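Input: a single structure, listed below in structure tokens.
The values are calculated or read from the model by the stated rules, or taken from the named source; none is laboratory data. Since we're looking at a predicted model, the values are computed, not measured. Neighbour counts are summed over all protein chains in view; Cβ atoms, including those assigned to glycine, are modelled from backbone coordinates with ideal geometry. Remember, those area values only see protein heavy atoms, side chains included, never the ligands or the DNA or RNA. Shrake-Rupley method; radii C 1.70, N 1.55, O 1.52, S 1.80 Å.
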Amino acid sequence: MLSGVLLLLSFNALPQTLETEWEKQFSLKIPHLFADVIQNEDGGYTVLGAIQKGGLNHFDLWLIRFSASGDTLWSQTFSNDGCDTPFRLMPGPDGSFLIAAVNGLPGEPQHAWVIHAGADGAEIWRKTSERKLAVSRTDIAVDTDGNWWWM
């Protein structure tokens, strides 16, 4: 009986349709990827990715800030020797950003690293783990007091 009622309800249910407010297309001819996105307090978005720079196995981290209407406000890359793989973007309490990534070439030792970038995308500092990664993953978390953890 219950399955019959659920079956009848499923025929009467209407799907939710999502409306696209804006869409951003990049016409880049070089390889790039995106890994994380956050919505800023002003309604805009900041996107974390990587873009190929200087060779086949050389990707730099790429941070892009968009307005609420989808216009690019700024774009910043962060260079490091080797290949960078972005994992997490977290907002700081002061409008800044924390970025977690892994650096290294396939088949070679890889290290996790974190960048603290200001609200304008300018690098404030970076830290690289001394230990080699057993698994090519890393993550960060930020609490409401501004404390952050690197995992």
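Taking the listed residues ASP42, ASP81, the one that is modelled with pLDDT of 90 or more, in a loop (DSSP other than H, G, I, E, B), of a type outside the set (Lys, Arg) and open to solvent by 50 Å² or more (accessible area, probe 1.4 Å) is ASP42, with no other qualifying.
Within segment 1-24, restricting attention to residues that are at pLDDT 80 or above and not β-branched (Val, Ile, Thr), the residue that is nearest to SER67 (Cα to Cα) is GLU23. Name the single residue, out of those in segment 126-151 being aliphatic (A, V, I, L, M) and open to solvent by 90 Å² or more (accessible area, probe 1.4 Å), that is farthest from ILE38 (Cα to Cα). The qualifying residue farthest from ILE38 (Cα to Cα) is ALA134. For segment 126-151, give me each residue that is touching a Lys or Arg at 6+ places or on another chain (Cβ under 6 Å) and assigned to a strand (DSSP E or B). Matches in segment 126-151: ILE140 only.
Okay, residues lined up against (1) among the charged types (D, E, K, R); (2) farther than 25 Å from ALA141 by Cβ; (3) touching a Lys or Arg at 6+ places or on another chain (Cβ under 7 Å):
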{"residue": "ALA35", "(1), (2), (3)": "no, no, no"}
{"residue": "GLY43", "(1), (2), (3)": "no, no, no"}
{"residue": "GLY49", "(1), (2), (3)": "no, no, no"}
{"residue": "GLN52", "(1), (2), (3)": "no, yes, no"}
{"residue": "ARG65", "(1), (2), (3)": "yes, no, no"}
{"residue": "GLY70", "(1), (2), (3)": "no, yes, yes"}
{"residue": "ASN80", "(1), (2), (3)": "no, no, no"}
{"residue": "PRO86", "(1), (2), (3)": "no, no, no"}
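Screening segment 105-125 for residues that are in a loop (DSSP other than H, G, I, E, B) and in contact with an Asp or Glu (Cβ under 9 Å, 6 or more places away or on another chain) and picking the one that is least open to solvent (accessible area, probe 1.4 Å) gives GLY118.
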